[in-house]
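Some notes on the structure that comes next.
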């Protein structure tokens, strides 16, 4: 178990967690909850939307990702100078001279 203290869950966080859990149970146990209705595809509304809202409340955090996960090569690549275009007229003149 972790030794660092975790912040208590907010009321909204608890409600959304419960909504996701109830939606998962409904979709898993009731065949009618896996189909379409007047509002659309039910698993999206019972599981997907509460899960997205819960993820948004948590700050769109990705599990297991941090500053350490960025490879050193990606940081070094940004330091390279940006490519520049050649002037249009210079290329056409060079093609005419070559022909």
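Using the number of other C-beta atoms within 10 angstrom as an exposure proxy, rank 49, 36 with the fewest first.
Ordered by Cβ neighbours within 10 Å, fewest first: 36, 49.
Say R0 is 30 Å: what FRET efficiency, to the nearest 0.05, do residue 58 and residue 83 get from their beta-carbon distance? Write out the running numbers ahead of the final one.
Values: r = 39 Å, r/R0 = 1.31.
Working from the Cβ atoms, E equals 0.15.
Rule-based calculations on the coordinates, nothing more; no lab input. Just so you know, these numbers come straight off a predicted model, no measurement behind them. Neighbour counts run over all protein chains shown; Cβ positions are idealised from the backbone, glycine included.
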